[in-house]
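Peer 1: To start, I am sharing the structure in question, which I have written as structure tokens.
The values are calculated or read from the model by the stated rules, or taken from the named source; none is laboratory data. Source: prediction; values computed, not measured. Here Cβ is always computed from backbone atoms with ideal geometry, including for glycine, and neighbour counts include all displayed protein chains.
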Amino acid sequence: MGTARYITRRLAYGLILMIGVVVLNFILIHAAPGDPADVIAGEMGGATEEMMAQIRARYGLDQPLPVQLWIYLSNIARFDLGMSYYFDRPVTELIGQRIWPTVLLVLTAQLIAIALGVVMGVLASRRPNGPFSGFVSVFSTVGYAAPVFWTGLMLIILFSVIVPLFPVEGMTSARFRGTGLAYALNVAHHLVLPAFTLAIIFLAQYARLSRASMIEVLGADYVRTARAKGLGEGAVTFRHALRNAVLPILTVAGIQFGNLISGALLVETVFNWPGMGRLAFDSVLRRDYPTLLGVLFCASGVVVIANLLTDLSYRLADPRIRTGGR
Amino acid sequence: MADPLMSLRDLRVEFDTRHGRVTALSGISLDVMPGETLGIVGESGCGKSITALAMMGLVPNPPGHVTGGQILFQGEDITRAKPRRLRRLRGREIAMIFQEPMTSLNPVFTVGDQIAEAILLHQDVSRAQAEKQVVDLLATVGIPEPARRAKAYPHELSGGMRQRVMIAMAISCRPKLLIADEPTTALDVTVQAQIFDLMRDIQREFGVAIVLITHDMGAIAEMTDRVAVMYAGRIIEQGTSDQILDNPLHPYTRGLIGCIPVLGREAGDAASLPPLAEIPGIVPPLHLLGDGCAFAERCALADDYCRAVRPPLEEKGHPVACHHAGQGVPA
């Protein structure tokens with residue numbers, strides 16, 4: 001199958017999936033207890049029955065649920081995610097500001113997790129019963145088991161308080177006004193702790209997976225062939241074995257992308273990172289349905305795209321999938 | 001007589017297993033002469049593949065250990081060679097093809113790249129020259145449209161084609177010794193014959209010595225000059241192919257020869273010809289070997305002496321390790 005056709009088909013599936021996500025979330029949120037009109041009225045400092053009715057009419061909350069859903073879906077088709085009850089601004093605008101910090105955080109964390117995880121796994125696989133392998137196993141278990149907010153707080157205590165290397169919170173320094181490289185460096189400095197916090201959970205999984213995957217691949221016949229050719233251990237490990245061992249890691253990386261975004265929510269809260277996760281978290285507390293739905297919609301879009309990219313990279317890495325006509 | 005190309009002298013290889021340390025090869029001595037074909041024959045588990053890997057310095061460690069003896073390649077003991085020296089021998093002087101062409105090629109690289117890798121490693125040539133050599137090599141091993149096939153991935157080729165690719169890779173640096181570990185076991189019978197033809201052609205053209213490891217006496221009859229029969233980590237009979245095939249002395253060798261189906265025999269001939277024989281039982285687990293002859297449990301001629309005292313490899317026309325060598329009806 002041609003790659004262009006493949007992408008088109010996958011995007012179509014992705015769109016259907018996103019609509020499904022919207023419908024499901026819409027129903028879930030409206031089934032949850034709590035009335036947004038109450039919250040809005042509360043923010044206004046109280047309201048009469050008449051004002052409540054006005055609020056409901058303004059946001060379409062007086063309509064039956066299927067009608068509300070239909071209006072919402074047709075608005076999405078025009079890239080209109082509605083108005084935030086809380087900020088009284090278009091949700092697209094809110095998300096537009098918040099999506100990039102999240103994408104930056106998630107991608108950085110994913111890169112750190114994969115790169116470090118694979119390196120640890122590969123080193124561990126060379127001596128599966130050696131001390132480093134044991135360290136990787138213990139580190140993986142602890143990293144995976146520790147709650148992300150706890151890891152975050154521990155890192156803050158270690159690297160912001162005891163050894164003040166990195167800032168405690170935010171994406172830039174409070175009064176920072178620089179641009180260009182200075183801005184990038186300032187953001188990078190702030191990014192280190194949250195990105196590592198988020199990466200540690202996934203790092204643990206990638207380390208275990210690549211250790212297991214490498215041990216298996218190193219026993220494969222083609223690795224023996226590579227040795228019989230006269231290749232050194234470096235070329236055998238990194239060219240012949242690793243290229244095959246990363247295939248399962250790619251698969252898991254795609255699947256984990258959704259978890260990474262939900263993990264970002266907690267990390268953003270701990271580090272006061274101005275991303276979508278915090279927006280979603282706050283929106284839940286504020287019963288700000290349009291914002292919450294918009295965030296979920298965009299997050300599902302990011303996951304769909306990430307999965308597509310994963311599959312494309314998989315096709316690139318494994319020729320059997322590229323040519324094996326499905 | 002010329003000096004041997006490779007000599008194994010009393011080679012011992014041991015493996016760590018959950019039953020403790022077991023001896024996979026106990027004192028193997030073999031000579032491979034330049035340009036000849038030596039067959040090593042035996043059932044699964046007799047140590048023939050370990051012998052092949054040892055010749056490449058590739059006994060997996062852990063759990064394997066070469067614990068004694070020498071492996072002399074052109075007089076140099078490769079059991080004592082440094083890893084760097086071994087890597088220069090592998091692929092360039094000693095090459096190997098394996099039983100499973102399906103899994104012996106790396107699935108994520110083109111076959112051309114995999115052959116070129118060996119060439120670039122051992123020869124001082126440019127990438128373009130290496131690629132040209134690859135196409136020539138693929139043509140030599142009888143692959144049609146070699147320029148196009150060089151760009152194919154292993155999964156796009158049949159088993160026979162892949163084994164030809166393995167052979168092309170093995171001969172890419174004109175080795176002096178080619179070790180073929182069951183090169184045709186995984187292939188169709190017609191393809192087997194083609195691969196053997198190819199190996200003979202290559203031997204004639206390049207003058208390479210071949211060690212053919214197999215469990216198939218038919219392949220021995222077709223390909224080899226000399227034969228070593230292995231059982232439970234030892235050589236139990238050794239001689240020219242004619243000696244072994246025409247006058248097998250060890251009951252085990254006779255059993256193996258009895259396993260060759262005779263072409264043209266029909267069901268009605270059953271009265272005039274003995275039925276296709278089989279050797280009862282299996283090779284005993286290495287950790288359960290006692291002091292006696294390892295084959296005794298499966299041998300019709302075995303007596304208490306056989307079970308108590310292991311027969312040494314002795315000259316009885318040709319070297320054989322059996323107290324009852326040559327006795328009894330040939331199978």
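Peer 1: Can you find, within the range A:21-58, the residue that is farthest from A:S300 (Cα to Cα) among those that are without any contact (Cβ under 8 Å) to a residue 40 or more places away in the chain and not in a helix (DSSP H, G or I)?
Peer 2: A:T48
Peer 1: Still on this model: What about B:Q133, is it more than 14 Å from every other protein chain (Cβ to nearest Cβ), surrounded by 14 or more Cβ atoms within 10 Å (Cβ to Cβ) and either without any contact (Cβ under 8 Å) to a residue 24 or more places away in the chain or in contact with a Phe, Trp or Tyr (Cβ under 8 Å, 6 or more places away or on another chain) (or both)? Give the steps one after another, and end with the answer.
Peer 2: Numbers: more than 14 Å from every other protein chain (Cβ to nearest Cβ): yes; surrounded by 14 or more Cβ atoms within 10 Å (Cβ to Cβ): yes; either without any contact (Cβ under 8 Å) to a residue 24 or more places away in the chain or in contact with a Phe, Trp or Tyr (Cβ under 8 Å, 6 or more places away or on another chain) (or both): no.
Here the answer is no, as B:Q133 does not meet what is asked.
Peer 1: Let me ask another. Could you tell me whether any residue of the range B:208-227 is of a type in the set (D, E), within 13 Å of B:G42 (Cβ to Cβ) and within 12 Å of the chain's Cα centre (by Cα)?
Peer 2: Residues of the range B:208-227 that are of a type in the set (D, E), as a first pass: B:216, B:222, B:225.
Among the residues that remain, those that are also within 13 Å of B:G42 (Cβ to Cβ) are: B:216.
Applying the additional criterion that residues be within 12 Å of the chain's Cα centre (by Cα) yields B:216.
Yes, that holds for at least one residue.
Peer 1: Also, quick follow-up: Taking the range A:239-248 as the search range and keeping residues that are touching a residue at least 24 places away in the same chain (Cβ under 8 Å) and more than 7 Å from every other protein chain (Cβ to nearest Cβ), which one is farthest from A:L105 (Cα to Cα)?
Peer 2: Ranking the candidates gives A:A241 first.
Peer 1: Out of A:S125, A:S137, A:S133, A:S160, report the one residue that is closer than 17 Å to A:W273 by Cα and hydroxyl-bearing (S, T, Y). Break it down stepwise before answering.
Peer 2: Numbers: A:S125 fails: closer than 17 Å to A:W273 by Cα; A:S137 fails: closer than 17 Å to A:W273 by Cα; A:S133 fails: closer than 17 Å to A:W273 by Cα.
Of A:S125, A:S137, A:S133, A:S160, the one residue that is closer than 17 Å to A:W273 by Cα and hydroxyl-bearing (S, T, Y) is A:S160.
Peer 1: Inspect the range A:203-224 for any residue being touching a residue at least 60 places away in the same chain (Cβ under 8 Å), polar (S, T, N, Q) and within 14 Å of chain B (Cβ to nearest Cβ) and give the result as yes or no.
Peer 2: Yes, because at least one residue in the range A:203-224 is touching a residue at least 60 places away in the same chain (Cβ under 8 Å), polar (S, T, N, Q) and within 14 Å of chain B (Cβ to nearest Cβ).
Peer 1: Residues of the range B:160-190 being among the β-branched types (V, I, T), part of a helix (DSSP H, G or I) and either within 11 Å of chain A (Cβ to nearest Cβ) or farther than 23 Å from B:T51 by Cα (or both), which ones? Can you show your working first?
Peer 2: Pass one, the range B:160-190, residues among the β-branched types (V, I, T): B:165, B:167, B:171, B:179, B:184-185, B:189-190.
Right, trim to part of a helix (DSSP H, G or I) and you get B:165, B:167, B:171, B:189-190.
Within the range B:160-190, B:V165, B:V189, B:T190 qualify.
Peer 1: Another question, then. Being buried (at least 19 other Cβ atoms within 10 Å of the Cβ) and either modelled with pLDDT of 75 or more or closer than 22 Å to B:S26 by Cα (or both), is that true of even one residue in the range B:300-316? If you could, list the steps in order and put the result at the bottom.
Peer 2: Residues of the range B:300-316 buried (at least 19 other Cβ atoms within 10 Å of the Cβ): B:306, B:311.
Next cut, either modelled with pLDDT of 75 or more or closer than 22 Å to B:S26 by Cα (or both) only: B:306, B:311.
The answer is yes; a qualifying residue exists.
Peer 1: Let me ask another. If A:L198 satisfies every condition in (1) touching a His at 6+ places or on another chain (Cβ under 6 Å); (2) crowded, with 23+ Cβ neighbours inside 10 Å but one, which is the exception?
Peer 2: (1)
Peer 1: What strands (runs of 3 or more DSSP E), lying completely within the range B:1-107, carry at least 1 residues that are free of Cβ contacts under 8 Å to residues at least 60 places away in the same chain?
Peer 2: Numbers: elements: B:6-17, B:20-32, B:37-41, B:64-73, B:94-97.
The qualifying strands (runs of 3 or more DSSP E) are B:6-17, B:20-32, B:64-73.
Peer 1: Then there's this: Residues of the range B:204-255 being farther than 23 Å from B:G27 by Cα, of a type in the set (G, A, S) and in a loop (DSSP other than H, G, I, E, B), which ones?
Peer 2: B:G207
Peer 1: Let me ask something else. A:I156 passes all but one of (1) closer than 30 Å to A:E233 by Cβ; (2) in contact with a helix residue (DSSP H, G or I) (Cβ under 7 Å, 6 or more places away or on another chain); (3) among the aliphatic types (A, V, I, L, M); which number fails?
Peer 2: Of the numbered conditions (1) closer than 30 Å to A:E233 by Cβ; (2) in contact with a helix residue (DSSP H, G or I) (Cβ under 7 Å, 6 or more places away or on another chain); (3) among the aliphatic types (A, V, I, L, M), the odd one out for A:I156 is (1).
Peer 1: If you go through the range A:222-238 one residue at a time, how many are modelled with pLDDT of 85 or more and either closer than 30 Å to A:W150 by Cα or in contact with a Pro (Cβ under 9 Å, 6 or more places away or on another chain) (or both)?
Peer 2: 2
Peer 1: In the range A:239-263, which residues are at pLDDT 85 or above and aromatic (F, W, Y)?
Peer 2: Listed by number, the list is empty, since nothing qualifies.
Peer 1: Quick check on the range B:108-130: of everything there that is in a loop (DSSP other than H, G, I, E, B) and away from chain A (no Cβ under 14 Å), which residue is surrounded by the most Cβ atoms within 10 Å (Cβ to Cβ)?
Peer 2: Within the range B:108-130, the subset in a loop (DSSP other than H, G, I, E, B) is B:108-110, B:123-126.
Now narrow it down to the ones that are away from chain A (no Cβ under 14 Å): B:124-126.
On the way: B:D124: 6, B:V125: 14, B:S126: 9.
Ranking the candidates gives B:V125 first.
Peer 1: Within the range B:159-172, is even one residue surrounded by fewer than 19 Cβ atoms within 10 Å (Cβ to Cβ) and either more than 28 Å from A:I321 (Cβ to Cβ) or hydrophobic (A, V, I, L, M, F, W, C) (or both)?
Peer 2: At the first step, the residues of the range B:159-172 found to be surrounded by fewer than 19 Cβ atoms within 10 Å (Cβ to Cβ) are B:159.
Filter once more, so that each one left must be either more than 28 Å from A:I321 (Cβ to Cβ) or hydrophobic (A, V, I, L, M, F, W, C) (or both): none.
The answer is no; no qualifying residue exists.
Peer 1: Also: Tell me yes or no: at least one residue of the range A:122-138 is within 20 Å of the chain's Cα centre (by Cα) and of a type outside the set (V, I, T).
Peer 2: Of the residues in the range A:122-138, the ones within 20 Å of the chain's Cα centre (by Cα) are none.
No: zero hits.
Peer 1: Continuing with the same structure: B:R226 - would you say it is closer than 28 Å to B:R87 by Cα, among the charged types (D, E, K, R) and at pLDDT 85 or above? Spell out the reasoning first.
Peer 2: Working: closer than 28 Å to B:R87 by Cα: no; among the charged types (D, E, K, R): yes; at pLDDT 85 or above: yes.
Against the criterion (closer than 28 Å to B:R87 by Cα, among the charged types (D, E, K, R) and at pLDDT 85 or above), B:R226 does not qualify.
Peer 1: Identify the single condition in (1) surrounded by fewer than 16 Cβ atoms within 10 Å (Cβ to Cβ); (2) away from chain A (no Cβ under 14 Å); (3) not in a loop (DSSP other than H, G, I, E, B) that B:P144 does not satisfy, given that it satisfies every other one.
Peer 2: (3)
Peer 1: Across the range B:184-234, what is the number of residues that are of a type in the set (K, R) and surrounded by 18 or more Cβ atoms within 10 Å (Cβ to Cβ)?
Peer 2: First, the residues of the range B:184-234 that are of a type in the set (K, R): B:200, B:204, B:226, B:234.
Keeping just the survivors that are surrounded by 18 or more Cβ atoms within 10 Å (Cβ to Cβ) gives B:226, B:234.
Number of matching residues: 2.
Residue-wise test of (1) in contact with a Pro (Cβ under 9 Å, 6 or more places away or on another chain); (2) at pLDDT 90 or above; (3) β-branched (V, I, T); (4) farther than 15 Å from B:H287 by Cβ.
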{"position": "B:D16", "(1), (2), (3), (4)": "yes, no, no, no"}
{"position": "B:H19", "(1), (2), (3), (4)": "yes, no, no, no"}
{"position": "B:L25", "(1), (2), (3), (4)": "no, no, no, no"}
{"position": "B:V32", "(1), (2), (3), (4)": "yes, yes, yes, yes"}
{"position": "B:L38", "(1), (2), (3), (4)": "no, yes, no, yes"}
{"position": "B:S44", "(1), (2), (3), (4)": "no, no, no, yes"}
{"position": "B:L53", "(1), (2), (3), (4)": "yes, no, no, yes"}
{"position": "B:G57", "(1), (2), (3), (4)": "yes, no, no, yes"}
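Peer 1: Looking at B:G27, B:G42, B:G35 in this structure, which one is under 16 Å from the mean Cα position of the chain (by Cα) and either within 14 Å of another protein chain (Cβ to nearest Cβ) or closer than 20 Å to B:L289 by Cβ (or both)? Steps first, answer last, please.
Peer 2: Values: B:G27 fails: under 16 Å from the mean Cα position of the chain (by Cα); B:G35 fails: either within 14 Å of another protein chain (Cβ to nearest Cβ) or closer than 20 Å to B:L289 by Cβ (or both).
B:G42 is the lone residue from the list that is under 16 Å from the mean Cα position of the chain (by Cα) and either within 14 Å of another protein chain (Cβ to nearest Cβ) or closer than 20 Å to B:L289 by Cβ (or both).
Peer 1: Taking the range A:282-321 as the region of interest, how many residues are aliphatic (A, V, I, L, M) and within 14 Å of another protein chain (Cβ to nearest Cβ)? Break it down stepwise before answering.
Peer 2: Initially, the range A:282-321 is screened for residues aliphatic (A, V, I, L, M), giving A:284-285, A:292-293, A:295-296, A:299, A:302-306, A:308-309, A:312, A:316-317, A:321.
Filter again for within 14 Å of another protein chain (Cβ to nearest Cβ), leaving A:316-317, A:321.
Residues flagged as aliphatic (A, V, I, L, M) and within 14 Å of another protein chain (Cβ to nearest Cβ) within the range A:282-321 amount to 3.
Peer 1: Then there's this: Only one of (1) closer than 19 Å to A:A280 by Cβ; (2) more than 25 Å from the chain's Cα centre (by Cα); (3) not in a helix (DSSP H, G or I) fails for A:L61. Which number is that?
Peer 2: (1)
Peer 1: Across the range B:75-101, what is the total count of residues that are within 11 Å of chain A (Cβ to nearest Cβ) and either among the charged types (D, E, K, R) or in contact with a helix residue (DSSP H, G or I) (Cβ under 6 Å, 6 or more places away or on another chain) (or both)?
Peer 2: Taking the range B:75-101 first, the residues within 11 Å of chain A (Cβ to nearest Cβ) are B:83-101.
If we keep only those that are either among the charged types (D, E, K, R) or in contact with a helix residue (DSSP H, G or I) (Cβ under 6 Å, 6 or more places away or on another chain) (or both) too, we end up with B:84-85, B:87-88, B:90-93, B:95-98, B:100-101.
Qualifying residue count for the region: 14.
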